[in-house]
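Enquirer: Pasting in a structure now, in structure tokens, and then I'll have a few things to ask.
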Amino acid sequence: MAEATVTGAERIEAAFGAAGEEGRAALMPYMMAGFPDRDSSLAVAAAYADSGADLIELGVPFSDPLADGPTIHAAATAALEAGATLATALEVCRSVAERVPVVFMVYANMVLAHGGAAEFARIAAAAGAAGAIVPDLPLGEAEDVREAFTAAGLALVPLVAPTTPAPRRAEICAVAKGFVYVVSTVGTTGERRELPAELAELVAATKAEAEVPVAVGFGIGTPDQAAEVGRLADGVIVGSRLVRAAAEAEGPGAAADAVAEFLSETRVALAG
Amino acid sequence: MSAVEERFGPYGGRYVPETLIAALDELTAAWVEARSDEAFMARMDLLRRDFIGRPTPLYLAERLSERAGRRVYLKREDLNHTGAHKINNAVGQALLAERMGKRRVIAETGAGQHGVATATACALLGLECVVYMGTEDIRRQAPNVERMRLLGAEVAPVEAGARTLKEAVSAAIRDWVANVASTHYVIGSAVGPAPFPALVRDLQRVIGEEARDQALKAEGELPARVIACVGGGSNAIGIFSPFVDDEAVELIGVEAAGEGLDTPRHGASLGAGVTGVLHGSLSSIIADEEGQILEAHSVSAGLDYPGSGPEHAHLRDTGRARYESVTDEQALAAFAELARLEGIIPALESSHAIAWLLENGGGESFDVLCLSGRGDKDMAEVVERTGG
């Protein structure tokens, strides 16, 4: 990851591009660093890279994750109890970053606590991260952080929600780096039985406004849902479903097998 | 009328998921419109007078004054309907919810005072009400849980973390993220994403406006010091606000030192905190080096919160207000002392302000101290701690 000429944003866009050339949406599984423990999370990251992940969204455990539903909140709490820190997330990142672009999901207070945006970006980029999603840093709060991240070669990926007014959505798209993360439903992360009918319209509008790829997350918990979203968007993010699989497995090997099976099925569904 | 500030110096802002931004914009616009709408404000004034019981008295506490060695006036927020200043904010925000057409209201509560106040305001206006409360607080505050249910509110138990106020706020914010179109979140203190810190300050400012007029009437001059306890800081910002431009008046916020500032068990986020983001705003918070939010501790549930409002952090930095702290033990002693001296059982929160006064008395001039609530709710806790 030393070649400073390739930015994180470029690596992210290349990963979406490669999936697009295969005629499918990119698959971006989420995982929580240090959950259920350090070794299992390293095994899960390796399994993601082996089983068809085009990018990896890597959650940094935080005590008060406001954008997350019960599954990921509980995983963060368990990871912290097991001793996870930012260092754990950086270690997981380093272990796969040469194979798959890694995008951190990290709350604003952790960026602040680790020296602020410029220092955090330096640390994350040194571990090979390509980008970061800061779910509690909306447009209006993000400008300085985006600049500092960009200077370090780290893409600040913004979110668009179903409640975002159209003019604001256009502003978000105009400054997006790496990709735009479309939140599928009004709510926190977590599996949903059905995705909202308005999603197609939201994704289409976002794609029309963004020069970077558009990926959808929140609520996608089955290969069929992933395939449905994959027909609309450039990328599909699966989170809580995979965190649940890792939670239910006994030991690193079983966790890796469980997530690998789900990812393989999802890749088949996306290609279909 | 002051602006609906988004920032107080560097503090404040909106560190929340994108999903909520439109609702925060809507709330800001609704408040700007409502506060210059004469009919709306007339209705608020009427409810303040006839429902809440305002103005509350400014009471010259003679035996307390004698004990402190200087004249002390208590601003009697404990005489409000539901027994604390929380109702000022709850009624105002419930009126705003009604005005915005949001028939479902959510709130968080620690000790239950804000939950009871919100349930009361919702009963008054016929709004659906859900109050998030940590299961540990539900256990400690059973009578308030029963009050909320009697008032028609649903009490939603929160199991996460230490099962207290911080987790209840997080759960309420998550509910709001999921139900933002139909729901208004009545946050209980001058914290949270903009416009909440300014909105709650505006709704609590009535405490300071009344106190300033009453002090001038009683003494012909302004007090030397205005003293209030600070958890999230809504009673303090409410009483401080009209005095901020009176530069000779010292503003003193008293935080919970819990078991001592040299231990991890305290709630002094302004006196012993770090700059950080909690529940949607940048302020002074209690967090570790990794950025994880820590549990606060105080004998008083209302001060048991690891953050304070962003305007307080700014008043601290500019030197306009100063923030002191007293321990659980000092607060418990002050609780008993005021009861015996004045026949007033203060809330454990307000007891912190009394305790600081008792240690910092003497002199010719006079003070105004915000007695933010009554202490009946704290009897069980005090008996358990002190053996009665």
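The values are calculated or read from the model by the stated rules, or taken from the named source; none is laboratory data. Because the structure is a prediction, the values reported are computed rather than measured. Cβ coordinates were reconstructed from backbone atoms using ideal geometry, including for glycine residues, and neighbour counts include every protein chain displayed. In case anyone asks, the SASA skips ligands and DNA or RNA and just uses the protein heavy atoms, side chains included. Shrake-Rupley method; radii C 1.70, N 1.55, O 1.52, S 1.80 Å.
Enquirer: What residues of the stretch A:183-202 lose no less than 20 Å² of accessible area with every protein chain in place versus their chain by itself (probe 1.4 Å, heavy atoms only)?
Expert: Those residues are A:Val186, A:Gly187, A:Thr188.
Enquirer: Shifting gears a bit: Grab the other residues whose beta carbon is less than 11 angstrom from that of B:Gly126, score K and R as +1, D and E as -1, and report the net.
Expert: -1
Enquirer: Also: Taking every pair of Cα atoms in chain B, average 1/r, invert it to obtain the Kirkwood radius, and report Rg/Rh to two decimals.
Expert: Using only Cα positions, Rg/Rh for chain B is 0.93.
Enquirer: I would also like to ask the following. Compare each residue of the stretch B:144-188 in its chain alone against the assembly with all protein chains, and report those whose accessible area goes down by 50 Å² or more; 1.4 Å probe, heavy atoms.
Expert: Residues passing the criterion (a loss of at least 50 Å², heavy atoms only) are B:Arg174.
Enquirer: Next up: So, in nm, how far is label B:Glu33 from label B:Glu259 when the simple model puts each one 7 Å beyond its Cα toward the Cβ?
Expert: 5.1
Enquirer: Within chain B, which is the longest segment that contains none of the GluC sites (Glu not before Pro) sitting in a DSSP loop with at most 14 other Cβ atoms within 10 Å?
Expert: That would be B:1-158.
Enquirer: Between A:Ala208 and A:Arg231, what's the calculated FRET efficiency when r is the beta-carbon distance and R0 is 22 Å? Round to 0.05.
Expert: The value I calculate is 0.85.
Enquirer: Modelling each spin label as a point 7 Å along the Cα-to-Cβ direction, I'd like the B:Glu329/B:Ala272 distance in nm, to one decimal.
Expert: Taking the two extended label points, one gets 1.4 nm.
Enquirer: Give the range of the longest stretch in chain A that excludes all GluC sites (Glu not before Pro) found in loop regions by DSSP and having at most 16 other beta-carbon atoms within 10 Å.
Expert: Formally, the longest exposed-site-free interval is A:99-193.
Enquirer: Would you mind telling me the share, in percent, of accessible area of the stretch A:140-272 contributed by carbon and sulfur at probe 1.4 angstrom?
Expert: Taking all protein chains in place, the stretch A:140-272 shows 50 percent carbon and sulfur surface.
Enquirer: Using a 1.4 Å probe on the protein chains only, how many percent of the accessible area of the stretch B:296-388 belongs to carbon and sulfur?
Expert: 46
Enquirer: Once you wrap a convex hull around the alpha carbon atoms of the protein assembly as shown, what is its projected area averaged over all directions, in nm²?
Expert: In nm², the orientation-averaged hull projection of the protein assembly as shown is 27.9.
Enquirer: For chain B, which cysteines have no second Cys with its Cβ under 4.7 Å from theirs?
Expert: Unpaired cysteines in chain B: B:Cys229, B:Cys370.
Enquirer: Could I ask something else about it? May I ask for the accessible area buried between chains A and B, both sides summed, probe 1.4 Å, to the nearest 100 Å²?
Expert: 2600
Enquirer: For chain B, set up a GNM with springs between Cα atoms under 10 Å and report which of B:Val116, B:Val131, B:Val180 has the largest fluctuation.
Expert: Ranking B:Val116, B:Val131, B:Val180 by mean-square fluctuation puts B:Val180 first.
Enquirer: Averaged over its residues, how many other protein chain Cβ atoms are within 10 Å of peptide B:290-298's Cβ atoms?
Expert: That average works out to 5.
Enquirer: Please compute the per residue accessible area over the protein assembly as shown with all protein chains in place, 1.4 Å probe, rounded to a whole number of Å².
Expert: With the other protein chains kept in place, the protein assembly as shown gives 35 Å² per residue.
Enquirer: With the solvent-accessible surface defined on protein heavy atoms using a 1.4 Å probe, which residues belonging to the stretch A:153-174 display a reduction of at least 30 Å² in accessible area in the multichain context relative to the isolated chain?
Expert: A:Thr163, A:Arg168
Enquirer: What whole-number distance in Å separates the alpha-carbon centres of the stretch A:1-56 and the stretch B:364-378?
Expert: Here the two parts' Cα centres lie 58 Å apart.
Enquirer: Between A:Ala53, A:Ala161, A:Ala247, which gets the highest mean-square fluctuation from a Gaussian network model of chain A, Cα cutoff 10 Å?
Expert: A:Ala161
Enquirer: Now a separate question. Where Rh is the Kirkwood radius over the Cα pairs of chain A, the temperature 4 °C and the viscosity 1.567 mPa s, what D in µm²/s does Stokes-Einstein return?
Expert: Reported coefficient: 72 µm²/s.
Enquirer: Work out how far the C-alpha atoms of the stretch B:31-93 reach from end to end along every principal axis, then list the three figures in whole Å, largest first.
Expert: Principal extents (Cα only, largest first): 47, 21, 16 Å.
Enquirer: Next up: How big is the stretch A:112-202 by the Kirkwood estimate over distinct Cα pairs, in Å?
Expert: For the stretch A:112-202, inverting the mean 1/r across all distinct Cα pairs yields 14.3 Å.
Enquirer: What list of ³J(HN,Hα) couplings, whole Hz, do you get for the stretch B:259-271 from phi and the Karplus terms 6.51, -1.76, 1.60, once you set θ to phi - 60° and write x for glycine and proline?
Expert: Per residue, the Karplus-derived 3J(HN,Hα) values read 8, x, 5, 8, 10, x, 9, 8, x, 8, 6, 8, x Hz.
Enquirer: How much of the accessible area of the stretch B:236-277, in percent, comes from carbon and sulfur atoms when a 1.4 Å probe is used?
Expert: Here carbon and sulfur together make up 46 percent of the probe-accessible area.
Enquirer: Additional query: Below 8 Å between Cα atoms, with a sequence gap of 6+, how large is the relative contact order for chain B in percent?
Expert: This gives 20 percent for chain B.
Enquirer: Mind scanning B:Lys166/B:Lys377; A:Lys177/B:Lys166; B:Lys75/B:Lys217; B:Lys102/B:Lys377; A:Lys207/B:Lys102 and naming the pairs with a C-alpha gap bigger than 22 Å?
Expert: A:Lys177/B:Lys166; B:Lys102/B:Lys377; A:Lys207/B:Lys102
Enquirer: Okay, moving on. Provide, as a two-decimal number, the C-alpha radius of gyration of the stretch A:168-207 over 2.2 N^0.38 Å, N being how many residues it has.
Expert: Taking the Cα Rg and dividing by 2.2 N^0.38 Å, one obtains 1.28.
Enquirer: Here's a follow-up. How many angstrom separate the Cα center of the stretch B:235-284 from the Cα center of the stretch B:88-154?
Expert: 25
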